[in-house]
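One structure is given here, and the rest of the page talks about it.
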Amino acid sequence: MGSDVAMGTAERNGLWIDEPARRRRMPDPVRTSAVRAVLIVALTLIQSMIAVLCTLTDSWLAFPMVLSSVGSTVVATWGVLDVWVTRQVWNQRHGVISVPASTARQLRKERRQARRAARSRRGVARPDSVNIRRRGRAGQLTHS
């Protein structure tokens with residue numbers, strides 16, 4: 001600090017320069033589950049490696065380690081799926097609000113209206129199957 005004061009660079013340069021992040025920070029619940037999953041997967045890999053080494057040395061600890069490694073693999077899979085589910089839930093609750101169903105419905109409605117207008121201009125009647133369905137009561141077909 002003394003040399004910085006003597007050179008006049010104490011206030012000009014800090015210890016580091018802040019750079020803007022390239023990606024946005026993950027939401028807290030997603031980050032928490034991701035950290036948990038990374039820790040579980042790391043411990044599972046260490047445990048599996050110990051099981052392999054115990055098996056190679058014919059140690060009595062090999063069999064219990066292999067069994068616990070299988071269980072840890074199941075738990076690690078659950079941890080990774082938890083990250084995925086948490087992320088999906090977060091995006092659904094707090095993400096971009098989109099209404100694709102209503103947009104698609106509007107497009108279908110416009111296409112239907114365009115087909116009806118084209119049919120009425122051409123003078124084409126509806127197909128017979130539609131007319132048969134419409135004649136019956138309560139959705140039943142008639143044979144008359």
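The values are calculated or read from the model by the stated rules, or taken from the named source; none is laboratory data. Note that this is a predicted model, so its numbers are computed, not measured. Quick reminder, even Gly has a Cβ in these numbers, built from the backbone with ideal geometry, and neighbours come from all protein chains shown. Remember, those area values only see protein heavy atoms, side chains included, never the ligands or the DNA or RNA. Shrake-Rupley method; radii C 1.70, N 1.55, O 1.52, S 1.80 Å.
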Among the residues of segment 18-30, are any over 27 Å from Val89 (Cβ atoms), part of a helix (DSSP H, G or I) and open to solvent by 100 Å² or more (accessible area, probe 1.4 Å)?
no
Which numbered condition Ser3 fails, given (1) at pLDDT 95 or above; (2) out of contact with any Lys or Arg (no Cβ under 9 Å at 6 or more places or on another chain)
(1)
Scanning segment 73-104 residue by residue, the ones that are basic (Lys, Arg), at pLDDT below 90 and surrounded by 11 or more Cβ atoms within 10 Å (Cβ to Cβ) total 0
If you scan segment 33-52, which residues turn out to be β-branched (Val, Ile, Thr) and either more than 26 Å from Trp90 (Cα to Cα) or at pLDDT below 95 (or both)?
Thr44, Ile46, Ile50, Val52
Pairs please, first residue from segment 53-69 and at pLDDT below 95, second anywhere and outside any helix (DSSP H, G or I) and open to solvent by 90 Å² or more (accessible area, probe 1.4 Å), Cβ atoms under 6 Å, 6+ apart in sequence or on different chains.
none
Among the candidates Val70, Val41, which residue alone is open to solvent by less than 80 Å² (accessible area, probe 1.4 Å) and assigned to a helix (DSSP H, G or I)?
Val41
